[in-house]
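Notes follow once the structure below has been shown.
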């Protein structure tokens, strides 16, 4: 399967939506951008809820090309919305069984319910479920319909922090184990950093950047999609164990980072995603002394990007990882920073993407 090809225009806002994309048929692709950017409209078009007059092709199947149009029920797409949309007159077991029957699946549903922690909920009606429980049922019900493509339209936006924390690992499992392509709409940078293998940054109905998530988060062209969010750098590190005084060490390809001890403690060698915001990286041209910061990494300037008359994004490579620092133009000029210049990156704060 080659993936999902999209080339269409839709009326939306003052400029409309204009999309020309080829998305992979594996992993989780996030469509990220501010409210009103057109993210949900794109999902509706892919699902067949809205005609575009353009091209929508999934693998070898053309769902729409201006002449032909495949209706939603023949596309075999699963869609998870912001609200669970469960059948109130059925209990949880009935909701799951309905989806399985529609897909021609007659197997025992109990192993699936147990795998997703739904066994204690099977006899309950939707009205008695918490928001997180209901959304978990909605996700499993969608999977039991045996979709070829899963669309998720801000599925966590209406949930509290505890409910989101319970569902995020389930979405990670789907991404890693189900071999089901997922399109995930969100305006939460934290969700994108944790979940997405690829990201499409959308603003005012236009794609500003696309590609591997770490590359998009560091791409200055994506700035309109982030708005007030500051993307910074998304890097991967390996858990190297506990350190004295309530700290732990994470290994990079050419160095390490020291963080407060993690709870629960990761397994030795476990790969973790880290988010380092541009404002949390300082730059020194000589080895700094007498600082409280624990992470001071030898670095080199890769490029400089002007954001506005007063602000510059400095792209660095440090300990084998790509970092981004946001400085004033006065600081850049005062330090004499230029591509290729050696320096030291002082990392003030590191956040786990899972947090």
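Values quoted throughout were computed directly from the atomic coordinates according to the rules given, and no laboratory measurement underlies them. All figures in this text were calculated on a predicted structure; none of them were measured in a lab. Note that we place each Cβ from the backbone using ideal geometry, even for glycine, and neighbour counts take in every protein chain shown.
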Quiz item: Sorted from fewest to most neighbouring beta carbons within 10 Å, what does the list 239, 184 look like?
Solution: 239, 184
Exercise. Express in whole angstrom the spacing between the alpha-carbon centres of the stretch 191-216 and the stretch 122-138.
Key: 31 Å
Quiz item: What ranking do 278-291, 54-67 get when scored by the average of other Cβ atoms within 10 Å per residue, highest first?
Solution: 54-67, 278-291
Practice problem: Decide, for the stretch 233-352, between rounded, prolate and oblate: order the square roots of the alpha carbon gyration tensor eigenvalues as a ≥ b ≥ c, take rounded if a/c falls under 1.5, and otherwise choose prolate if a/b is larger than b/c, else oblate. | Solution: prolate
Quiz item: When 248, 105 are ordered from fewest to most other Cβ atoms inside 10 Å of their Cβ, what list results?
Solution: 105, 248
Quiz prompt | CD proxy at 222 nm, helix term only [per DSSP H run n ≥ 4: -39500 (n - 2.57); per residue of the chain; nearest 500] | solution = -6500 deg cm²/dmol
Self-check item: Three-way shape label, the stretch 1-68, alpha-carbon gyration tensor, a/c 1.5
Solution: oblate
Quiz item: Could you give the distance between the Cα centres of the stretch 90-106 and the stretch 279-331, to the whole Å?
Solution: 54 Å
Exercise. Can you bin the stretch 57-191 into rounded, prolate or oblate? Criterion: square roots of the alpha carbon gyration tensor eigenvalues sorted a ≥ b ≥ c, rounded for a/c under 1.5, prolate for a/b above b/c, oblate for the rest.
Key: oblate
Self-check item: Which of 172, 133 has the fewest Cβ neighbours within 10 Å, and the rest in rising order
Solution: 172, 133
Practice problem: Starting from the alpha-carbon convex hull of the chain, give the projected area averaged over all orientations, in nm². | Solution: 20.7 nm²
